[in-house]
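Worksheet for the structure shown next.
The values are calculated or read from the model by the stated rules, or taken from the named source; none is laboratory data. Owing to the predicted nature of the structure, the values given are computational and were not obtained by experimental measurement. Neighbour counts run over all protein chains shown; Cβ positions are idealised from the backbone, glycine included. The protein model used for the area step is the full one, side chains on, heavy atoms only, and it has no ligands, DNA or RNA in it. Shrake-Rupley method; radii C 1.70, N 1.55, O 1.52, S 1.80 Å.
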Protein chains: 4
Amino acid sequence: MKNLKVPIIIVNYKTYSEATGKKAVKLSKIAEKVSIESGVNISVAPQFTDIAAIAGTVSIPVLAQHIDPISPGSFTGHILLESVKEAGAVGTLINHSERRLKLCAIETIIAKARESDMVSVVCTNNAAVSAAVAALNPTIISLEPPELIGTGIPVSKAKPEVVTETVELVKRINPDAVLLCGAGITKGEDVAAALKLGTMGVLVASGIVKAKDPRKVLMEFSEAITKTL
Amino acid sequence: MKNLKVPIIIVNYKTYSEATGKKAVKLSKIAEKVSIESGVNISVAPQFTDIAAIAGTVSIPVLAQHIDPISPGSFTGHILLESVKEAGAVGTLINHSERRLKLCAIETIIAKARESDMVSVVCTNNAAVSAAVAALNPTIISLEPPELIGTGIPVSKAKPEVVTETVELVKRINPDAVLLCGAGITKGEDVAAALKLGTMGVLVASGIVKAKDPRKVLMEFSEAITKTL
Amino acid sequence: MKNLKVPIIIVNYKTYSEATGKKAVKLSKIAEKVSIESGVNISVAPQFTDIAAIAGTVSIPVLAQHIDPISPGSFTGHILLESVKEAGAVGTLINHSERRLKLCAIETIIAKARESDMVSVVCTNNAAVSAAVAALNPTIISLEPPELIGTGIPVSKAKPEVVTETVELVKRINPDAVLLCGAGITKGEDVAAALKLGTMGVLVASGIVKAKDPRKVLMEFSEAITKTL
Amino acid sequence: MKNLKVPIIIVNYKTYSEATGKKAVKLSKIAEKVSIESGVNISVAPQFTDIAAIAGTVSIPVLAQHIDPISPGSFTGHILLESVKEAGAVGTLINHSERRLKLCAIETIIAKARESDMVSVVCTNNAAVSAAVAALNPTIISLEPPELIGTGIPVSKAKPEVVTETVELVKRINPDAVLLCGAGITKGEDVAAALKLGTMGVLVASGIVKAKDPRKVLMEFSEAITKTL
């Protein structure tokens, strides 16, 4: 798993204005600082336009939020793996609930990422879909029940049985699979709960990006990981 | 029409490897040089990841290849106007044949661009669609019959009647509309033919990006514009 | 305008269980009866699977809810104009807010409908989009602000200025254009208001399909049309 | 596996004019006759508009070509499971190469089909995607390398190793999985080859629909199945 170590906190910047342009670079420096101080792995997933500036500024791994299942050529307006890689991304989110993909596209993107030594983090909405994705051997599977995204109701506490079922189903198909979970994560105890259920970390967005003090929340998350392991 | 003056040559970098990353910056410097030397307006439309580096390096206007009809918020993997603007783009291509959009998305994006003082360059495939787009008041309409894209058969010579019909239909709906044409443009005479048919320039991709000597072809295009006017 | 006369009430059956299969045929018989009794034009737009049974049972015009921009060939799972026509539909809804289409698809479908003597009813979400559609010369344009669909708040009363602006903008581009409006229409007075604003009828769904007594509501709508004209 | 027995020949009518409307009913009668005469299971997948007429005429199982991941409600222009079921379909094709779906839609549709005692036949493009689908427990998985569809080059002979690898990978995840293959099947020997590689039949389209004598080709396919087993 190049450049990305688990357990990990991945921060998805979405298209939040709090994490666009200069603000995205600033937030990434905060994430880097917390990662260095706490010793916990943190990765950030900014918008495409901000990847180069962030990857050129911080040492923590940067992910794209999406790539298209294409090779270099005539694909105006699409996202090319080679392009986000040259900009400095070490991998990409795939199939986020806000950017669901066709199954054959997911398979193509995971395979392309593997060939290019890029990390693939595939988002899923339930246990069955997670099992299907496990058969495609991505680097990481991140379970995010869409109904909890942005709610502040943590999947790890509101639906622990979904996480447990997913871990079990996924491991049966792919014993080496690495699972994260996301949606509604806002406190250290949510992160701790996620790890206790068998995941290797969290995928979080508004919980950090829209926090009054992102540094403080990231530190709380990191300490929860350190204490739980 | 902020930052973009006509007549103009717009170079679409698509996701060509010849116009990705450092190569995209290099090609943009060539375009800038030709623009300064010839006095002809040239704009470039690179991939999202390359906008900031190019806009920070050259003085010619930079366009995004696409934006999504969204506002800041929860839109993982999407393209935000505010994001490409902060990166340095002065506008965007919309509805390219390789990235066709829903009608209501085209309308939203044009309106958002207008509110943000951004240039909107909407691609169209025939006269009727161009007329529909003219009713939406974009900055520029660019006619590109998809069957000619990448063929080297220039729309301005192979289908002059389509260009003429489009100019006429569009002007009836919106007398101030500015029209470009594209597809198959590889020679100065194709550019000259486009201008004579009533357009204000060309949208070109492989004709420049995949040319052995892009500088030479851009100069040939520029001279054709200077001579024709 | 083959088979479809205005003023008209078009009833969209969506995928409501109250208007699926046998229930769809039954509701169509009610619509036919009201149309005959009141002398007001009523058309129904059932699901694809129900077109043949309905068109074979009632004499009022039947519309498809959508068709794809395709010709006969290899398009598994798509909707072919020739297929809905042979089943008995005289036309189709296009670009409903629940089935938005790419601009080039809308243009292709309208052109195909015209060539096949089929009626094209294009749904739009605001005045600008309606103007764009007017440039494509469909049979009918139906304005439906999506935020009002299914609310019971009638567009003709809540946003009369949007209807007026749309009528004006559309007529400027295409003086022969026929406009309907929809969204939130549940009472006769909503229909009357729609006509007074310059439309030639309404596109309605839940207001009829989910009414306790669809016959009664349809009769109320029909009387509103008769009285207003 | 309700109503559908293997080994089987499934005939996809696509949107071919040779298999639209009355011609679709006629072709279905031929398929029924061959099935009765040969004792081999044959199923047909016509367009939505033709399901009711065909299911009301023949006794062989009828499949839809696609359904959407929706429940009854506001989904204008979409395909509702309940609707194709009431029309007489016993199941549906899912994710055909001409109608690829998002992973989460495939999962939802398979689950909905299961709850409704409907057959789910999921098309796949390679071994990895087939394995992912196997984790979702559909009734049948049908491997169809898209590059061979409509070519007359049979997957079972041109790419036997892909079929073998798929069978193996799929069985590892789901030992009860039933596999078909398709693409390029035009002769009895192609069908025999498919069975020998471990599949339980074929999904075929132009090979039957566009044959000069569909009856003869269907009989040849059926005999190949009878002889091979």
* Dipole of segment D:145-229, Cα-centred, from +1 at each Lys and Arg C-beta and -1 at each Asp and Glu C-beta, to the nearest 20 debye? -> 220
* **For segment B:1-67, convex hull volume per residue from C-alpha positions, Å³** => 83
* Chain B residue with Cβ closest to the axis mapping B onto A, distance in whole Å -> B:PHE48, 2
* Asked: Under the rule of -39500 (n - 2.57) per DSSP H run of 4 or more residues, summed and divided by the residues of chain D, what mean residue ellipticity at 222 nm is obtained, to the nearest 500 deg cm²/dmol?
  -> -12000 deg cm²/dmol
* Heavy-atom accessible surface of segment B:5-96: percent carbon and sulfur, 1.4 Å -> 54
* How much FRET efficiency would the formula 1/(1 + (r/R0)^6) give for A:GLU37 and B:GLU115, where r is the Cβ-Cβ distance and R0 is 41 Å, rounded to 0.05? -> 0.45
* **Buried accessible area, chains B and C (both chains, 1.4 Å probe, Å² to nearest 100)** => 1500
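If the limit is 26 Å between Cα atoms, which of B:LYS159/C:LYS102; C:LYS157/C:LYS212; A:LYS33/B:LYS26; A:LYS85/A:LYS159; C:LYS112/C:LYS210 go over it? The partial results should precede the final answer.
On the way: B:LYS159/C:LYS102 24 Å; C:LYS157/C:LYS212 23 Å; A:LYS33/B:LYS26 34 Å; A:LYS85/A:LYS159 35 Å; C:LYS112/C:LYS210 33 Å.
Listed pairs above 26 Å: A:LYS33/B:LYS26; A:LYS85/A:LYS159; C:LYS112/C:LYS210.
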* Taking only protein heavy atoms into account and a 1.4 Å probe, give the accessible area per residue of chain A in Å². => 35
* Asked: P(r) tail for segment A:186-229, what percent of Cα pairs lie past 15 Å?
  -> 33
* Using the alpha-carbon centroid of each, what span in Å lies between segment A:106-126 and segment B:1-37? -> 32
* To do: If a/c stays under 1.5 just call it rounded; otherwise compare a/b with b/c (prolate if a/b is bigger, oblate if not). Do that for the protein assembly as shown, with a ≥ b ≥ c from the square roots of the Cα gyration tensor eigenvalues.
  => rounded
* Options C:SER97, C:ALA45, C:SER35, ranked by Cα towards positive dipole end of segment C:1-150, top entry (Cβ charges) -> C:SER35
* Asked: For chain C, what's the radius of gyration and Dmax over Cα atoms, in angstrom?
  -> 16.1, 50
* Asked: How many percent of DSSP beta bridges within the protein assembly as shown run antiparallel, rounded to 5?
  -> 5
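Work out which helices of chain C, taken as complete DSSP H runs, extend at least 27 Å along their axis over the Cα atoms and score a mean Kyte-Doolittle of -1.0 or more, then list them.
none
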* To do: Just tell me which aspartates and glutamates come within less than 18 Å, Cα to Cα, of D:LYS196; anything on the same chain fewer than 8 places away is out.
  => D:GLU144, D:GLU161, D:GLU165, D:GLU168, D:ASP176, D:GLU220, D:GLU223
* Looking at segment B:32-142 from every direction and averaging, what is the projected area of its Cα convex hull in nm²? -> 7.5
